[in-house]
Amino acid sequence: MVKQSFSHVEHWVFDLDNTLYHPSARLFDQIEAKMITYVMETLQIDHGAADKLRGDYWRNHGTTLAGLMKEHDIDPDPFLVAVHDISLDHLEPDQTLAGHIKALPGRKIVYTNGSAPYAERVLAARGLTGLFDGIFGVEHADYRPKPERSAFERVFERAGVDTTRAAMFEDDPRNLNAPHAMGMRTVHVAPEAHPGDHIHHHTEDLTAFLGQLR
């Protein structure tokens with residue numbers, strides 16, 4: 001039944017963080033710490049205030065970066081370099097996942113709110129290099145973040161994605177609203193399911209889910 005739901009799909013779009021690796025790797029703990037330090041140093045505020053801004057901007061603007069750009073006119077590129085300078089030691093190659101992705105019919109892309117160079121590092125650590133037809137970061141959406149529909153539209157136009165024949169895999173349920181509205185098959189990849197008509201499928205194990213599609 002699951003396989004039939006994807007019989008029309010020719011474009012496969014994957015988020016990166018907490019999607020193409022399990023959240024137990026806790027990479028975002030490192031990224032959030034880097035964000036707090038960057039905000040402290042850039043805005044000359046203390047740790048508590050910086051952490052609050054980080055969370056507020058994520059909730060209200062889609063990403064911390066988007067909030068910093070709008071409210072403080074920061075240059076996004078140094079921020080992206082700084083916050084993604086993290087250890088990937090907790091990631092391991094997943095040959096089974098790689099095989100399932102390779103077997104998917106059609107084009108495969110990665111689209112992340114992080115940067116494309118960071119995505120390439122993560123994919124290499126997971127043994128997924130060379131499996132995707134394109135790797136797109138927030139820079140390819142002119143620094144507009146998911147969940148904004150305009151961000152998806154810009155990346156999908158660059159990538160040549162036909163959203164009526166596409167699927168989106170994503171850990172943040174907010175980021176599935178626009179893909180659903182654009183006609184995509186949506187898959188929420190997370191330990192816990194999230195209610196919403198914009199989510200077609202939920203899985204806590206991407207590797208097992210993709211195995212059902214072979």
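The values are calculated or read from the model by the stated rules, or taken from the named source; none is laboratory data. Everything quoted here is computed from the prediction, not taken from an experiment. Neighbour counts are summed over all protein chains in view; Cβ atoms, including those assigned to glycine, are modelled from backbone coordinates with ideal geometry.
Annotations for the structure displayed:
- Checking each residue in segment 85-124 for being buried (at least 21 other Cβ atoms within 10 Å of the Cβ) and more than 21 Å from residue 211 (Cβ to Cβ) picks out 111, 112, 113, 114, 115, 118, 119, 122.
- Failed item in (1) without any contact (Cβ under 8 Å) to a residue 40 or more places away in the chain; (2) not in a loop (DSSP other than H, G, I, E, B), with residue 127 passing the rest: (2)
- Once segment 133-146 is narrowed to residues that are within 13 Å of residue 11 (Cβ to Cβ) and either of a type in the set (Val, Ile, Thr) or surrounded by fewer than 20 Cβ atoms within 10 Å (Cβ to Cβ) (or both), the residue that is nearest to the chain's Cα centre (by Cα) is 134.
- Test set (1) over 15 Å from residue 147 (Cβ atoms); (2) modelled with pLDDT of 95 or more - residue 214 fails condition number: (2)
- The residues in segment 10-53 that are surrounded by fewer than 19 Cβ atoms within 10 Å (Cβ to Cβ), in contact (Cβ under 8 Å) with a residue 60 or more places away in the chain, on the phi < 0 side of the Ramachandran plot and not in a helix (DSSP H, G or I) can be counted, and the count is 1.
- Test for residue 74: is it surrounded by fewer than 20 Cβ atoms within 10 Å (Cβ to Cβ), farther than 25 Å from residue 167 by Cα and in contact with a Ser or Thr (Cβ under 7 Å, 6 or more places away or on another chain): yes
- Residues (over 18 Å from residue 18 (Cβ atoms) and assigned to a helix (DSSP H, G or I)) located in segment 101-111: 102, 103
- Every listed requirement among (1) outside any helix (DSSP H, G or I); (2) closer than 27 Å to residue 188 by Cα is met by residue 74 save one, (2).
- Restricted to segment 54-64, and to residues there that are touching a helix residue (DSSP H, G or I) at 6+ places or on another chain (Cβ under 6 Å) and in contact (Cβ under 8 Å) with a residue 12 or more places away in the chain, the residue that is surrounded by the fewest Cβ atoms within 10 Å (Cβ to Cβ) is 61.
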